[in-house]
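Asks: Starting off with a structure, shown below.
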Amino acid sequence: MIVKFMRRGSGHGRGPVQYLLGKDYKREGASLLRGDPDLTRDLIDASNFSKRYTSGVLSFAEEDIPDHLKSELMDDFERTILAGLEHDQYKILWVEHKDKNRLELNFVIVNEEL
């Protein structure tokens, strides 16, 4: 597994959400795993911070792994990267991509404590 954080984060919420899910949320090879894309977009747009969101990917050589392992990995990642925050204090969007012959678990985190 490779973890990569993107350099972006200062734009509007439409950009990362549409990249992950497609313009009409129908991107081929993409599946929403967790989170609310519309709420994520709206929270990013409402932010006054210069760095409004953090995005990245957990990338795997495997084309797929069992759903329970995906869930465990997302839970562990959230506990690590958002240590000290309860689940209702942050907003994270998880989208799976399988269009590159490998599994990617993409995330967008709103950079504001709720």
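The values are calculated or read from the model by the stated rules, or taken from the named source; none is laboratory data. Nothing here was measured: the structure is a model prediction, and the numbers come from that model. Here the Cβ is made from the backbone with ideal geometry for all residues, glycine too, and neighbour counts use every protein chain on show. We work out accessible area using only protein heavy atoms, side chains counted, and drop any ligands, DNA or RNA first. Shrake-Rupley method; radii C 1.70, N 1.55, O 1.52, S 1.80 Å.
Asks: So for each of 104-111, 33-40 I average, over its residues, the number of other beta carbons within 10 Å; can you give me the resulting order with the highest mean first?
Replies: On the way: 104-111: 22.4, 33-40: 15.6.
My ranking of the peptides, most packed first, is 104-111, 33-40.
Asks: Related question: Restricting to Cα pairs below 8 Å that are 6+ residues apart, what does the relative contact order work out to for region 1-111? Please round to a whole percent. The partial results should precede the final answer.
Replies: Details: 176 pairs, mean separation 42.9, N = 111.
Contact order relative to length: 39 percent.
Asks: When ligands, DNA and RNA are left out and all protein chains stay put, how many square angstrom of accessible area per residue does the chain have with a 1.4 Å probe?
Replies: Details: 6920 Å² over 114 residues.
On a per-residue basis, the chain sits at 61 Å².
Asks: For the chain, restrict the atom set to alpha-carbon positions and state the Rg and Dmax in Å.
Replies: My reading of the Cα-based Rg and Dmax gives 13.5, 39 Å.
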